[in-house]
Amino acid sequence: MTQHMSPPRDSADKIPSTSQPWAWRGMLARADVRTLSLLGVLAALVVIGGITKPDEFLDTRNLQLVLTQASVIGVVTVGMTFVITSGGIDLSVGAIVALASVWATTVATQDYGFGGVLFTAVLVGVGCGLVNGLLIAYGGMVPFIATLAMLASARGLALQITDGKTQIVTIPSILDLGERDAYVLGVPPLVMVFAVVTVIGWLILNRTTFGRRTVAVGGNAEAARLAGIDVRRQRLYLYLLSGLCCGIAAFLLIILSGSGQNTNGNLYELDAIAAAIIGGTLLSGGRGTITGSVLGVLIFTTITNIFALNNLQSDVQQIAKGAIIVAAVLVQRRTASTT
């Protein structure tokens, strides 16, 4: 028995029939309101930063720094958005970034130059994603448990590789990408990579069969199976995609910091999940928005920057992020109960 599936749209709650134009208008209105709300929050944060620290926050170098820092966690969040849209979760993204960054910056790896470092970072990320996907899709493990195990294992392996020491990058072609001379029209290379990943992610989620299958699996896995979708294979691909994004983010982090450390990616899982949720991706699956996730990343990065400029402690930042996550989930539940 087969079931016709209409294409999803970014930030869509449910895919209405084409014979119901009022439903499409309502869906687009909700998407517009959600996006405009996020833009409003971001604009308010910019105003707050401009008022509290006008000379520092509005400085071009600081704004470039905000975008650069957002690029690393932003790439991770794109992958996380796909996983959450499918009804899954990945708690290991930060640990995978750490493991990929230290494995790619060992002396042996650096002997292979720029290509060797990039290839190793991506390969480690995809490898970890493969393990997660196999355990969840074919091993029947709950995503929370499988990725929690990967978190612990990857962190432990990263610590073992580095022995708790920082691994300095000595490859000029990598270090040069972090310098201002590498900026194109004032845009850092890391930001350009983030923009490319974002566009590709949006196109995949909203304009391809893979994206439609992802939404279908998250909305109702059993119905997706009856419609002919290989649910297990789809979930495997999604965790591979998340691992790929972690590998790319690890390479960006290597450029940004000029080193590999076992502490890299600390709490990235919190930031990525929070950004996706406040952006409008449904935690229970079935709805995802790359646009909202990117805005969520920019909001969190801006908050962190404002807190740092005003000398507020990191624990205050984490409390604020936790409160935002709770508020976002409560809003989602309230919205779901009224639609």
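All C-alpha pair distances within the stretch 250-332, sorted into 5 Å bins from zero, spread as 3, 14, 20, 22, 20, 13, 6, 2, 0 percent across the bins.
Helix check for the chain. Which DSSP H runs span at least 24 Å along their own axis by Cα, with a mean Kyte-Doolittle hydropathy no less than 0.0?
21-52, 60-85, 113-133, 143-162, 189-207, 231-257, 290-309, 314-337
Computed on protein heavy atoms with a 1.4 Å probe, the accessible areas place Val93, Val215, Val41 in the order Val41, Val215, Val93, largest first. Distance from the alpha carbon centroid of the stretch 175-216 to that of the stretch 61-114 works out to 13 angstrom. The value of relative contact order for the stretch 166-225, using C-alpha pairs under 8 Å at least six residues apart, is 13 percent. What the chain shows is 47 Å² of accessible area per residue, with the surface traced by a 1.4 Å probe over protein heavy atoms.
Sequence gap at least 6, Cα distance under 8 Å: using those rules, report the relative contact order of the chain to the nearest whole percent. Could you put the intermediate results ahead of the total?
Numbers: 565 pairs, mean separation 113.6, N = 339.
Here the relative contact order equals 33 percent.
Here the chain has 65 percent of its accessible surface on carbon and sulfur atoms, given a 1.4 Å probe and all protein chains in place. Candidate values [x] 32, 26, 17; [y] 56, 36, 18; [z] 33, 29, 20 were compared with semi-axes √(5λ) of the Cα gyration tensor in Å computed on the shown model; the agreeing label is [x]. Binning the C-alpha pair distances of the stretch 168-215 at 5 Å intervals from 0 yields a P(r) profile of 5, 19, 17, 14, 13, 10, 9, 10, 3 %, listed from the shortest bin outward. Across the protein chains, with a 1.4 Å probe defining accessible surface, the residues Glu269, Glu179 rank Glu179, Glu269 from largest area downward.
Which order do the peptides 117-126, 135-144, 62-71 take when ranked by the mean count of other beta-carbon atoms within 10 Å per residue, highest first?
Numbers: 117-126: 22.5, 135-144: 16.2, 62-71: 19.6.
Result, highest mean Cβ count within 10 Å first: 117-126, 62-71, 135-144.
Taking trypsin sites (Lys or Arg not before Pro) across the stretch 151-218, the ones in a DSSP loop with at most 13 further Cβ atoms lying within 10 angstrom of their Cβ are Lys165.
The values are calculated or read from the model by the stated rules, or taken from the named source; none is laboratory data. Worth saying up front: this structure is predicted, and the values here are computed from it rather than measured. All Cβ positions, even for glycine, are placed from backbone atoms using ideal geometry, and neighbour counts span all protein chains on display. Side chains are part of the model used for accessible areas, which takes the heavy atoms of the whole protein and leaves out ligands, DNA and RNA. Shrake-Rupley method; radii C 1.70, N 1.55, O 1.52, S 1.80 Å.
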